[in-house]
Amino acid sequence: MAESSRILIKGGKVVNEDCSVISDVYIENGKIVEVGPNLQISAGVRVINATDKLVIPGGIDTHTHMELAFMGTKAVDDFHIGTKVKKEMETLAKEKGVNSFKMFMAYKDVFMLQDSELYAAFAHCKEIGAIAQVHAENGDLIAEGAKKMLSMGIRGPEGHELCRPEEVEAEATQRAITIAHAVNCPLYVVHVMSKSAAKVVADSRRDGRVVFGEPIAAGLGTDGSHYWHKDWAHAAGFVMGPPLRPDPSTPAYLMDLLANDDLSVTGTDNCTFSVCQKALGKDDFTKIPNGVNGVEDRMSVIWERGVHSGKMDENRFVAITSSTAAKIFNFYPQKGRIGKNSDADVVVWDPNLTRRISAKTHHQAVDYNIFEGMECHGVPIVTISRGKVVYEDGQLHISPGQGRFIHRGPFSDFVYKRIRQRDQVDRPAAVIRKPYEGKVISV
Ligand code: URP
Ligand code: ZN
Ligand code: ZN
Ligand code: ZN
């Protein structure tokens, strides 16, 4: 067997969502074969020394839009899959391994669904065992707010936030949860960007709703004060929906909720447009393509603001960057765990090294970086994907097409166990009574 298909990671601290143990990890043909102390492996194996390093499951970014055709242009970082329509949803969930669907309450006259349509979509997701995801913003209020800003002569990126303040997100979040609850459908709220929307998710979880909130790297690492920057291109670079919030305490608050399991997972919503694409909206903020970067920097930003800051430990970091996503989307422990028989998606992580984020050094196609200049503890040393070293010594060793689609079955236990039980025990029942035999008015 070729040395490259056999890897022994020696002496690192293996971190899963439930515990950390000093262990070796032996990988063969893309799978983790053994995890344990002082593994004795025959010659011809490639050894990676992980002393004083962490060995963590590869991150799972729950939310990206590669090559998305959107707002008159196309996202510059590539790869995207998306679709809709009822019958197709069923075929996708039952036969094609797609078990989540995103519904929009924003983007009026483009993607926005009415409440009755959301009700039908959530009911259908539940029937087929899919995860209903929602972009929660009140699209009607955004449209009115945008008209108002433009009529007041506010045409720059600050108008983007001013026309859709926090309550526009919080109201839609509450409404989506209420509609999902009406059909006992679990709900996944993508890109939770504000303190108010996060509170709605947290309160609902405490009220017993099966709801998951996903903050993203952008909302955890930076804020919406940039929309007021004097340089138009700088300000426009941060335009995304829902917007980053000007309240500077937002990122730390979202991180606290993640630490407490009030919020569940982290994505990036990576949807990148270069400055010349953003410039489609140079005279009118409503025409700026919405979206920011994050896919490359998510792990470092969250380590810095979450673990280095002391808000959460390394195990919770693994939960929110990898294992909980694998559980929700139904491919745990194939992904999201360093354990026997799991796929060998492994990162050797140095928690003490630092790096400075910059568009000058990043690997993404987009020509700026919303985290520009941010210094982060937590640096990947080696990244292994399905048993192959794909990043090492600062170099990527990948070619297009190496990625694999992961088939995800419906009815994830992590999401649906409680739902199924509630369907059994929470059925409303009619009251048995004698027929009313008195007078009835004639109409
Ligand atoms: O601004 C954003 N979020 N762009 C990507 C599309 C979406 O709504 O997620
Ligand atoms: Zn969205
Ligand atoms: Zn700025
Ligand atoms: Zn998105």
> Based on the alpha carbon coordinates of region 138-262, what radius of gyration and maximum Cα-Cα distance (Dmax) apply, in Å?
Replying inline: 15.2, 47
> How big is Rg to Rh over region 81-416, alpha-carbon atoms, Rh as the Kirkwood inverse-mean-distance radius?
Replying inline: 0.95
> When the helices in the chain are scored as -39500 (n - 2.57) per DSSP H run of 4 or longer and the sum is shared across all residues, what 222 nm value do you end up with, to the nearest 500 deg cm²/dmol?
Replying inline: -8000 deg cm²/dmol
> What percent does the relative contact order of region 352-443 come to when contacts are Cα pairs within less than 8 Å and at least six residues apart?
Replying inline: 16
> When the chain is modelled as a GNM with alpha-carbon springs shorter than 10 Å, which of Val190, Val55, Val379 fluctuates the most?
Replying inline: Val379
>> Given contacts defined as C-alpha pairs under 8 Å and at least six residues apart, what's the relative contact order of the chain, whole-number percent?
In response: 20
> Which pairs, out of Lys102/Lys148; Lys13/Lys340; Lys86/Lys126; Lys31/Lys340; Lys327/Lys388, put more than 19 Å between their alpha-carbon atoms?
Replying inline: Lys102/Lys148; Lys327/Lys388
>> Over 28 Å between Cα atoms: which of Lys53/Lys311; Lys287/Lys311; Lys96/Lys311; Lys108/Lys311; Lys94/Lys199 fall into that group?
In response: Lys287/Lys311; Lys96/Lys311; Lys108/Lys311; Lys94/Lys199
> Between the DSSP loop rule and a limit of at most 12 other Cβ atoms within 10 Å, which trypsin sites (Lys or Arg not before Pro) in region 344-443 are left?
Replying inline: Lys360, Arg404, Arg433, Lys439
> For region 1-134, what is the convex hull volume of its Cα atoms per residue in Å³?
Replying inline: 184
> Of Gly373, Ile32, Gly156, whose Cα points farthest to the positive end of the dipole of the chain (charges on the beta-carbon: +1 Lys, Arg; -1 Asp, Glu; origin at the Cα centre)?
Replying inline: Ile32
>> Which residue fluctuates most in the GNM of the chain (Cα springs below 10 Å): Phe70, Phe238, Phe405?
In response: Phe405
> Among Thr354, Thr173, Thr64, which one moves the most in a GNM of the chain with springs linking Cα atoms closer than 10 Å?
Replying inline: Thr354
>> Placing unit charges on C-beta atoms (Lys and Arg positive, Asp and Glu negative, everything else neutral), compute the dipole magnitude of region 81-416 about its Cα centre in debye, rounded to 20.
In response: 700
> Tell me, what HN-Hα J-couplings in whole Hz come from the Karplus equation 6.51 cos²θ - 1.76 cosθ + 1.60 at θ = phi - 60° for each residue of region 397-408, using x for Gly and Pro?
Replying inline: 10, 9, 9, x, x, 6, x, 10, 6, 9, 5, 10
> Out of the DSSP beta bridges found with both residues in the chain, what percent are antiparallel (nearest 5)?
Replying inline: 65
> How much net charge surrounds Met374 when only the other residues with a Cβ under 11 Å from the Cβ of Met374 are counted, with Lys and Arg +1 and Asp and Glu -1?
Replying inline: -1
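Since every read-out is calculated from the coordinates, none of them should be taken as a lab result. All values reported here derive from a predicted model rather than from experimental measurement. Positions of Cβ are generated from backbone atoms using ideal geometry, with glycine treated the same way; all protein chains shown enter the neighbour counts.
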